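Quick notes on the structure that follows.
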Amino acid sequence: MGHMLEEIAVERGHEIVLKIDIDNHASVTAKDLQAADAAIEFTAPGSAVNNILFCLEAGVPVVVGTTGWYDNLEEIKKAFITQKGALVYATNYSVGVNMLFAMNKLLAKWMNKYPDYAVEIEEIHHTQKLDSPSGTAITLAEGVLENLDRKHHWQKQEVSDHKALEEDALRIAYDRKDGVPGIHKVTYTSAIDEIQMSHEAFNRKGFALGAVLAAEFIKDKKGIFTANDIFGF
């Protein structure tokens, strides 16, 4: 992801002034980071919160692409509001996925009138993905729950697990396979037909492009933003 971010940023006329990875993160100072107009954070759930707060302390706008840290989201929001920082966070920066998010909410609103349809979300990712279900799948689930009265919460299950869930639970089925950048599906099934919306990433370039667009957006801004502020679907 780091290589793709750099490639796209340079193609769009930007200069990469600092790269932080496992080999140098301990020696990077706030002054080093302040050479940047914005930072893009794509790491792992266990390190994301500290990285985000480091950017805040340095006064550098930060775009966060890591998922799996949202248990700390309210704490992070409060810190950015108090210290007048700039943050963009999103479960997915792909243009196509954000279109799917918007269509998912609309379909769920329509399907609220048709209780005969069972609904399920499925996601498949590469084996290196540390969180499950994916942040993208959780965002899709939240879009369904906001608009479908018969579902009140989501529960995750491995794809191969078919144990019955509570009637008001929305199933998120997840799987991990080598070499899969990301597949997400929302399926409504009745006795007579099936409706399915899906997005398949062929590579991670779409995620990287969206993150660079977010970095362009947040430069010189203050506040807390999401992908919806970037794309507005």
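Tabulated data for the structure shown
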quantity: Where Thr136 falls short, out of the listed (1) open to solvent by 30 Å² or more (accessible area, probe 1.4 Å); (2) under 11 Å from Thr67 (Cβ atoms); calculated: (1)
quantity: Candidate set from region 157-193 (those that are among the β-branched types (Val, Ile, Thr) and part of a loop (DSSP other than H, G, I, E, B)); member that is most open to solvent (accessible area, probe 1.4 Å); calculated: Ile192
quantity: Residue in region 21-32 that is farthest from Pro133 (Cα to Cα), counting only those that are exposed (fewer than 13 other Cβ atoms within 10 Å of the Cβ) and of a type in the set (A, V, I, L, M, F, W, C); calculated: Ala30
quantity: Test: residue in region 142-149 that is under 17 Å from the mean Cα position of the chain (by Cα) and buried (at least 17 other Cβ atoms within 10 Å of the Cβ); calculated: yes
quantity: Members of region 1-20 that are surrounded by fewer than 11 Cβ atoms within 10 Å (Cβ to Cβ) and either within 20 Å of Gln128 (Cβ to Cβ) or touching a Leu at 6+ places or on another chain (Cβ under 8 Å) (or both); calculated: His3
quantity: Some residue of region 84-102 being of a type in the set (Lys, Arg) and touching a residue at least 40 places away in the same chain (Cβ under 8 Å); calculated: yes
quantity: Those strands (runs of 3 or more DSSP E) lying entirely in region 57-136 with at least 2 residues closer than 20 Å to Gly182 by Cβ and in contact with a helix residue (DSSP H, G or I) (Cβ under 7 Å, 6 or more places away or on another chain); calculated: 62-64, 118-125
quantity: Residue, nearest to the chain's Cα centre (by Cα), within region 194-210, restricted to residues that are open to solvent by less than 50 Å² (accessible area, probe 1.4 Å) and farther than 17 Å from Ala102 by Cβ; calculated: Phe207
quantity: Residue count for region 33-55, restricted to those that are part of a helix (DSSP H, G or I), open to solvent by 70 Å² or more (accessible area, probe 1.4 Å) and more than 24 Å from Gly182 (Cβ to Cβ); calculated: 1
quantity: Close pairs from region 135-159: first within 16 Å of Met111 (Cβ to Cβ) and of a type in the set (Val, Ile, Thr), partner open to solvent by less than 10 Å² (accessible area, probe 1.4 Å) and in a helix (DSSP H, G or I), Cβ under 7 Å, at least 6 apart; calculated: Val144/Asn104; Val144/Ala108
quantity: Matching residues in region 88-109 - criterion: being under 14 Å from the mean Cα position of the chain (by Cα), open to solvent by less than 10 Å² (accessible area, probe 1.4 Å) and over 18 Å from Met1 (Cα atoms); calculated: Leu100
quantity: Any hit, region 26-42, residues being modelled with pLDDT under 95 and closer than 30 Å to Glu142 by Cβ; calculated: yes
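The values are calculated or read from the model by the stated rules, or taken from the named source; none is laboratory data. Quick caveat, the model's predicted, so the values are computed rather than measured. Counting neighbours? That spans all protein chains shown, and the Cβs are built from the backbone with ideal geometry, glycine included. Side chains are part of the model used for accessible areas, which takes the heavy atoms of the whole protein and leaves out ligands, DNA and RNA. Shrake-Rupley method; radii C 1.70, N 1.55, O 1.52, S 1.80 Å.
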